[in-house]
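Right, one structure below, let's go through it.
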Amino acid sequence: KGMVMHELRSPLHGIIGLATTLSQDDSPLQKPLKMIASSAERVLELVTNLMDYWNLAEDPNPEISEEPLDFNALINESLTRCEQAKDKRGKPMKKDKVQIIKDVPSTLPTVHGDPQLI
């Protein structure tokens, strides 16, 4: 299982790294290279999720981290990702007319869990 994970993730990390580095100049290939990096990141996330599912299928009662979660930080991170999301062509998914509003009470109950799995 570890070898499969390595064989899938390593090339994706290489693709992401190279495409990101090459897209930092002002060449006409900047946009396609950013699309390659973005697509590779999506595939990497799918592979990671698949591996998580595989692990849960093998061990339905895994040990999960029980840390206090900072919901405001998690919500801010999620909103930032929504604001920065791009479509297949590299265009922002959030339209200019759409306004994302954070309306969360500043005092939320403390919840424990694994921030990586939320």
| query | Counting Lys and Arg as +1 and Asp and Glu as -1, each charge on the Cβ, what is the dipole of the chain about the Cα centre in debye, to the nearest 20? | reply | 940 debye
| said: So, for the chain, what is the accessible surface per residue at a probe of 1.4 Å, expressed in square angstrom? | reply: 80 Å²
| query | For region 4-104, what number of Lys pairs, 8 or more residues apart or on separate chains, have alpha-carbon atoms under 20 Å from each other? | reply | 14
| field | Range in the chain, longest, excluding exposed trypsin sites (Lys or Arg not before Pro) [loop by DSSP; at most 10 other beta-carbon atoms within 10 Å] | value | 2-87
| note | Among P32, L108, A73, the residue whose Cα sits farthest towards the positive end of the charge dipole of the chain (+1 at Cβ of Lys and Arg, -1 at Cβ of Asp and Glu, taken about the Cα centre) is P32
| Potential extension, H6-K97 segment - 0.36 nm per residue separation minus Cα distance | 28.6 nm
| Roughly speaking, to the nearest percent, how much of the chain's 1.4 Å accessible area is carbon and sulfur? | 59 percent
| message | So if I average 1/r over every pair of distinct C-alpha atoms in region 26-68 and take the inverse, what Kirkwood radius in Å does that give? | response | 13.1 Å
| field | Rotationally averaged projected area of region 1-101 (alpha carbon convex hull; nm²) | value | 9.2 nm²
| request: Would you work out the relative contact order for the chain, in percent, from Cα pairs under 8 angstrom that are 6 or more residues apart? | output: 24 percent
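The values are calculated or read from the model by the stated rules, or taken from the named source; none is laboratory data. Everything numeric in this text was worked out from a predicted model, so none of it was measured. Cβ atoms come from the backbone with ideal geometry, glycine included; neighbour counts cover every protein chain shown. Areas reflect the complete protein model, heavy atoms only, side chains present, ligands, DNA and RNA absent. Shrake-Rupley method; radii C 1.70, N 1.55, O 1.52, S 1.80 Å.
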